[in-house]
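Undergrad: Dumping the structure here so I can ask a few things about it.
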Amino acid sequence: MTTISEQDITVEKTQNSKLKDTDFNNLPFGKVFSDHMLISRYKEGSWSIPEVVPYQPITLDPSAKIFHYGQSVFEGMKAYKDDNDDIYLFRPLENCKRLNISSKRLAIPEIPESYFMEGLKKLLKVDQDWIPTTSGSALYIRPFVFASGNGFHASPANEYIFIIATAPSGAYFSGKVTVAIEEKYSRSANGGVGYAKAGGNYAGQFYPTQLAIDKGYNQVIWTDDTTHEYIEEAGAMNIFVRINDTLITAPTSDRILDGITRKSILEIAKKEGINVDVRRISVKEIVEAAKNGSLKEMFGSGTAAVISPISGFGYKNKDYTLPELDDSYANKLKTLITDIQYNRSEDPFNWRTKID
Ligand code: PLP
Ligand code: COI
């Protein structure tokens, strides 16, 4: 069966809800988990009908291929509650499609769209009280697929597990973000897996990012792997640069994640009459713009990070500080996109999906 409806999904409710022990006024990012999760298993060539079950550990054989060959992909999305306690998702089909694009690249079987979408809706209904309403918070949703099949042979597994787990979450960054523009390491390469949300892409970033953190920065801005002369994206965000009044972001490629926030911001900015340029941006151009004062803003975009202003960057042992603007594009675009997400404004692009 490849098309299911919500009624096909069974629910096993937890006997030990953690809801009343959770402090919704003090939510970290992605550390507190809701009571239930969705799970489907791939065996003998097909996915099982997803089930909602209590959030719980999973048991794997030590030879499960996820441990050895890193076959794992994930997504990041959010559920939002408006003032009437109605629940909304933002462009959820884009996440479903991207999960399958990532899976294909990692030789993981794709999940049928209805398993993802109907499963997610059912899970959100069961755990609707976990969607926070405190300002700036949302229910972070983490769909993921990994190889549970066994064996040391370096080849794709024959069994996989798909899970959607959720976490009521506050802001990803606690304050302004400073970045180091990477001069040595690469996140991805032509023909590689950079465009996929593969777990290994993040593992490969941790060491260079820690070196940047040790120098006092929060994040790395990755540059192209051949010349390190052009900026690409950050650890968990796409990057926008404002020079004078033009908003610039790098084109997507097989090295860059095709961010849903990024493409939404591009559309909102165009509608607002902001001059938008999707093109390669050299580090030289950014440094020169910082020196001559035409570099007005830099910010990152992503589901977790929403829009995170960058207050400064480091490059070749020099630090550059960005000005503080009252009328920043970052603030304006953040208000516009979150107003759509939280159902505080019209939805001219038809991006919201109401869960009912
Ligand atoms: N780039 C990377 C490497 C990411 O991990 C993310 C987060 O998902 C993004 C960009 C932003 O993508 P999106 O806006 O779809 O969340
Ligand atoms: C997201 O923005 O949803 C992400 O996946 C970022 C994550 C690596 C924290």
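Undergrad: Please give me, ordered by residue number, the trypsin sites (Lys or Arg not before Pro) of segment 1-52 that lie in loop per DSSP and have at most 13 other Cβ atoms within 10 Å.
TA: Of the trypsin sites (Lys or Arg not before Pro), the ones in loops of segment 1-52 whose Cβ has at most 13 other Cβ atoms within 10 Å are Lys13, Lys18, Lys31.
Undergrad: I need to check one value: relative contact order of segment 6-169, counting alpha carbon pairs closer than 8 Å and at least 6 residues apart, in percent.
TA: Details: 328 pairs, mean separation 57.0, N = 164.
So the answer I get is 35 percent.
Undergrad: Let me ask something else. Work out the length of the dipole vector of the chain about its Cα centre, built from +1 on the beta-carbon of each Lys and Arg and -1 on the beta-carbon of each Asp and Glu, and round it to the nearest 20 debye.
TA: Details: 41 positive and 46 negative charges, 115 e Å.
For this selection, approximately 560 debye.
Undergrad: Using 0.36 nm times the number of residues separating Glu12 and Leu211, minus their current alpha carbon distance, what extension gain do you get?
TA: Extra length available between Glu12 and Leu211 comes to 67.2 nm.
Undergrad: Which residues does the label zone of Asp21 cover in segment 125-160, counting backbone N under 20 Å from a point 7 Å along Cα→Cβ?
TA: The answer is 127-132.
Undergrad: Can you grab the distance from the C-alpha centre of segment 42-88 to the C-alpha centre of segment 221-243, Å, no decimals?
TA: Taking the Cα centre of segment 221-243 as reference, the centre of segment 42-88 is 30 Å away.
Undergrad: Please compute the modelled spin-label separation between Thr335 and Lys176, points set 7 Å along Cα→Cβ, answer in nm with one decimal.
TA: 2.0 nm
Undergrad: Let me ask something additional. At q = 0.11 Å⁻¹, what is the log10 ratio I(q)/I(0) for segment 177-341, with the Debye formula run over Cα points and no solvent?
TA: -0.40
Undergrad: Where q = 0.08, 0.09, 0.10, 0.11 Å⁻¹, what log10 of I(q)/I(0) comes from the Debye formula for the chain, counting one point per Cα?
TA: -0.41, -0.52, -0.64, -0.78
Undergrad: Residue-wise, which Karplus ³J(HN,Hα) couplings in Hz belong to segment 239-256, taking 6.51 cos²θ - 1.76 cosθ + 1.60, θ = phi - 60°, and x for glycine or proline?
TA: 10, 10, 10, 10, 10, 6, 10, 9, 9, 10, 9, 5, x, 6, 7, 6, 9, 10
Undergrad: Label Asp356 and Asn150 with points 7 Å out from Cα along Cα→Cβ: what is the distance between them in nm?
TA: 5.0 nm
Undergrad: Taking K and R as +1 and D and E as -1, what net charge do the other residues with C-beta under 12 Å from the C-beta of Val126 add up to? Could the numbers behind the result be given before it?
TA: On the way: positive: Lys13, Lys121, Lys122, Lys125; negative: Glu6, Glu12, Asp35, Glu51, Asp127, Asp129.
Taking every Cβ under 12 Å from that of Val126, the sum is -2.
Undergrad: So what is Rg over Rh here for segment 6-169, counting just Cα atoms and using Kirkwood for Rh?
TA: Rounded to two decimals, Rg over Rh is 0.98.
Undergrad: Hey, what do the phi angles of segment 168-180 turn into as Karplus ³J(HN,Hα) couplings, whole Hz, using 6.51/-1.76/1.60 and θ = phi - 60°, x for Gly and Pro?
TA: Ordered by residue, 3J(HN,Hα) equals x, 9, x, 5, 6, 10, 7, x, 6, 10, 10, 10, 9 Hz.
Undergrad: Once label points are set 7 Å from the Cα along Cα→Cβ at both Ser46 and Asn158, what is their separation, rounded to one decimal in nm?
TA: For Ser46 paired with Asn158, the spin-label model returns 1.7 nm.
Undergrad: For the pair Asp82 and Glu272, what calculated FRET efficiency results from E = 1/(1 + (r/R0)^6), where r is the Cβ-Cβ distance and R0 = 25 Å, to the nearest 0.05?
TA: So the FRET efficiency works out to roughly 0.65.
Undergrad: By per-residue mean of other Cβ atoms within 10 Å, what is the highest-first order of 273-282, 252-261?
TA: Going from most to least packed, we get 252-261, 273-282.
Undergrad: Check each of the trypsin sites (Lys or Arg not before Pro) in segment 183-235 and keep only those in coil by DSSP with at most 16 other C-beta atoms within 10 angstrom; list them in order.
TA: Working: sites: Lys184, Arg187, Lys197, Lys215; in loops: Lys184, Arg187, Lys197, Lys215.
Within segment 183-235, the qualifying trypsin sites (Lys or Arg not before Pro) (loop, at most 16 other Cβ atoms within 10 Å) are Lys184, Lys215.
Undergrad: Report, in listed order, any pair from Lys271/Lys318; Lys43/Lys122; Lys121/Lys176; Lys104/Lys263; Lys13/Lys104; Lys31/Lys121 with a Cα-Cα distance greater than 29 Å.
TA: In this structure, Lys271/Lys318; Lys121/Lys176; Lys13/Lys104 lie more than 29 Å apart at Cα.
Undergrad: Another question, then. At 222 nm, what value in deg cm²/dmol follows for the chain if DSSP H runs of at least 4 each add -39500 (n - 2.57) and the sum is divided by all its residues, to the nearest 500?
TA: -7500 deg cm²/dmol
Undergrad: Right, next: Counting Lys and Arg as +1 and Asp and Glu as -1, what is the net charge of the other residues whose Cβ lies under 15 Å from the Cβ of Ala269?
TA: Neighbourhood net charge equals +2.
Coordinate-derived values only; no laboratory data. It should be emphasised that the depicted structure is a prediction, and the values quoted were computed from it without experimental measurement. Here Cβ is always computed from backbone atoms with ideal geometry, including for glycine, and neighbour counts include all displayed protein chains.
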